[in-house]
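Structure first, commentary second.
Laboratory data are not the source of any read-out in this text; all were calculated from the coordinates shown. As the structure is a prediction and not an experimental result, all values here were calculated from the model. As a convention, Cβ positions derive from the backbone with ideal geometry for all residues, glycine included, and neighbour counts pool all protein chains shown.
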Amino acid sequence: MLQIVNRKDRFILLKKNLASFWGIYRRNTMGIAGLVILVCFALMALIGPYFVTYTSAAEGIEKVLQPPSAEHWLGTDDLGRDVFAGVVIGSRISLVVGLAATVISMVIGAVIGIVSGYYGKTLDALLMRLTDIFLVIPWLPLMLVMAALLGPSLGNIILVIGITGWAGTARIIRSQTLSIKERPYVERARAIGSGDLHIMLHHILPNVFPLIFANTILVAAVAILSETTLSFLGMGDPTSISWGMMLHFAFEMGAVAFGAWWWLIPPGICVVLVVLGFTFIGYALDEVLNPKLRRR
Amino acid sequence: MTALVDVDQLEVHFTARAGLLRSMFGRETPVVRAVDGVSFTLGKGEILCLAGESGSGKTTTGKAILRLVEPTAGKVYYAGEDVRAYNRSKLRSFRQEAQIIFQDPYESLNPRQTVFNIVAEPLEVNNLCHSLAEKEERVARALIDAGLHNPQELFLRYPHELSGGQRQRLAIAGSLVLDPKFIVADEPVSMLDLSIRAGILKLMVDLRDQKGISYLFITHDLSLAWLVSDRIAIMYLGKIVELGSADTVIKDPLHPYTRALVSVIPAPRRKVITRQSLLKGETPDPVNVPPGCRFHPRCPVALPRCREEVPPYREVRPGHFAACHLING
């Protein structure tokens, strides 16, 4: 998979693989629904921030905490900022943090899972005990402690979520690696003189990749939720607006007491929708990549 | 004929992993004696067949010679050098010359590699090609040698797009690309359709004739062994019980086990119906090898002596070895 004849052939191959994948995927209603939701949010995060202004009102108490109107679709917050603009701008941070943390999680999880499953014995025992520790530690307190120690910044939030979220992936990848390393093609690779690294990169990784991919999607949902949770609890970077941060401020400033539902509900719904979108895609991929679950 | 591969008292024992309780109570860990003292030589350009029931240790012997399974004891010499004493770099060059073809062409090819990658991988792993054009040419030549014509059209195909026979040819091409001198063929046709078998077998024999490749051909099918090989070794429970030229082993078998196997070879339109001697029971568990002659519990002609004494493996006639108390010679 990783060695290809030349650039043109690589393109042909990619097209062929994608076409066959898409052919199965598009028959999955849940998957398409999830994809539509995520594409909408992705577009919103990509181009949305260029069309809205999210600044405090310069003057006038009457601009503050306004219910939804034609001018402000989702009303305004305690500083007279447009809530809709906040949701649009916040989508960028929420998605970026979630996806970056997911990438970190997946890399750690895949490396530990493959190495652990491939080498076995003592190394496996050590790595799996480490994984167990990360699995059983309640992740929220751990994240809070780490975030508090590292200090509130976007990079740290990404790191904290990434470091706490890999354990489940490592377990799944390890079990699949255990099965794949016993396949005759791995033995054949050894018989032609391949080293361990070559076998892991060219034979194990491509064959656990669908699993990594499907898992990434599910981990992304959790990562975005984690970001919201951390920001809501005040561990986020107060200068960058994310959905969690909006909820945090809304809660702090007493949106509930004012009855300003338009300030609390939109960011919450966005988080739920994005998580739902990822979960839908995750389940759909599970079905596509695991032929046993496929409906006839 | 000079020996290319010389196997001397090869043993492969697997230790079954003992559970916690078992090791706490100090019980002995069970040892599976998969290969238990196998000796033979393989000449240059020779096809030697290892035949026997499943579980007799044929495949393990083949893999142990290539050090895909580490032998427990015994020696393997390749071109006069001790394979078990090879260091990393020696092992690498040995693996270029000694290849293995697996039984199941559906499992032995990585489903996510293209035909080109599968055949080019041995070259890349061993750093044998420096330009893409050279690589493409060698891959194409190996595919043609393995009987897959118009190779360029196959380059970007995946194994699942090929038929069983084509896959096995592809696996052979993946070995041929390194110009091997010795191939362990582990039941190369048992998963293939009868109609395709002949083609693959002919290809292997042709390669022997053209390139002087030596084969250790592992099979459970005696008629197949007779057809392709120069010499046949019959294995039973980790030991060779009889070894000789293909014709003598089939036409004049010495060991009662071989006789039983030979008597059940189907013979189309055979006029004289020979008495078939069917063996009772199954191969014993290699964890608890019977004492004396391993074959005695199933042997139709066993003597009391067979239960106690291990029969020596000796040259009964020139070039014809067997291990049985009942043979006079």
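Data table
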| quantity | calculated |
| --- | --- |
| Cβ neighbours within 10 Å from other chains - mean over B:98-110 | 4 |
| Additional length obtainable on full extension of the chain from A:V39 to A:L273, 0.36 nm per residue less Cα span | 83.1 nm |
| Chain B: Cys lacking any partner C-beta under 4.7 angstrom | B:C49, B:C129, B:C299, B:C324 |
| Fraction of antiparallel bridges per DSSP, the protein assembly as shown only, in percent to nearest 5 | 60 |
| Proximal charge balance of A:F213 [Cβ under 15 Å; K/R count +1, D/E count -1] | -1 |
| In Hz, Karplus ³J(HN,Hα) per residue of the range B:67-84 (6.51, -1.76, 1.60; θ = phi - 60°; x = Gly, Pro) | 6, 7, 10, 6, x, 7, 8, x, 10, 10, 10, 10, 6, x, 10, 6, 5, 6 |
| R0 of 60 Å, Cβ-Cβ distance A:F251-B:L128: FRET efficiency to nearest 0.05 | 0.35 |
| Net dipole in debye of the range B:214-329 [+1 Lys, Arg Cβ; -1 Asp, Glu Cβ; about Cα centre; nearest 20] | 440 |
| Hydrodynamic radius (Kirkwood) for the protein assembly as shown, which is based on Cα pairs only, to one decimal in Å | 29.2 |
| Length-normalised contact order of chain A in % [C-alpha pairs under 8 Å, at least 6 apart] | 26 |
| A:L201 versus A:S179: modelled label distance in nm, points set 7 Å from Cα along the beta carbon direction | 2.6 |
| Kirkwood-type radius of the range A:194-296, with distances r between different C-alpha atoms, in Å | 16.3 |
| Kirkwood hydrodynamic radius (C-alpha pairs) into Stokes-Einstein, the range B:173-226, 20 °C and 1.002 mPa s, D in µm²/s | 183 |
| Cβ-based exposure ranking for B:S108, A:S242, B:S263, B:S89, in which fewest neighbours within 10 Å come first | B:S89, B:S263, B:S108, A:S242 |
| Percent breakdown of C-alpha pair distances by 10 Å bin, ordered from the shortest bin, for the range A:157-238 | 16, 36, 23, 16, 8, 2 |
| Helix B:88-97 vs. chain B, principal-axis angle (Cα, 0 to 90°, nearest 10) | 90 |
| Chain B: relative contact order as a whole-number percent, Cα under 8 Å and 6+ apart | 20 |
| Calculated FRET value between B:E70 and B:T29, using beta carbons and R₀ = 25 Å, to 0.05 | 0.90 |
| Cα centre as origin, Lys/Arg/Asp/Glu Cβ charges: the protein assembly as shown dipole, Debye | 2120 |
| Spin-label model distance (nm) - A:F21 vs B:D285, 7 Å beyond Cα toward Cβ | 4.8 |
| Cβ-derived FRET efficiency at R0 45 Å, B:A85 paired with A:V103, nearest 0.05 | 0.45 |
| Diffusion coefficient, µm² s⁻¹, Stokes-Einstein with Kirkwood Rh over alpha-carbon pairs of chain B at 10 °C and 1.306 mPa s | 75 |
| Beta bridges by DSSP in chain B, antiparallel share as percent, to the nearest 5 | 60 |
| Length added when fully stretched, B:D221-B:R157, from 0.36 nm per residue minus Cα-Cα | 19.8 nm |
| Hydrodynamic radius by Kirkwood, which averages 1/r over all alpha carbon pairs of the range A:29-139, in angstrom | 17.9 |
| Charge dipole magnitude, Cβ of K and R +1, D and E -1 - the range A:148-202, Cα centre, debye nearest 20 | 140 |
| Segment B:N150-B:L303, length gained on full extension (0.36 nm per residue, minus Cα span) | 49.0 nm |
| Virtual spin-label span in nm between B:D247 and B:L194, 7 Å along Cα→Cβ | 2.7 |
| Ranked A:M246, B:M191, criterion: other C-beta atoms within 10 Å, fewest first | B:M191, A:M246 |
| Relative contact order [Cα under 8 Å, 6+ residues apart], the range A:189-268, whole percent | 17 |
| Among the listed pairs B:K63/B:K181; B:K58/B:K211; A:K181/B:K239; A:K121/A:K181; B:K63/B:K239; B:K90/B:K181, those beyond 18 Å (Cα-Cα) | B:K58/B:K211; A:K181/B:K239 |
| Alpha-carbon centroids, the range A:170-247 and the range A:71-142: separation in whole Å | 11 |
| Proxy reagent accessibility, fewest Cβ within 10 Å first, across A:M235, A:M146 | A:M146, A:M235 |
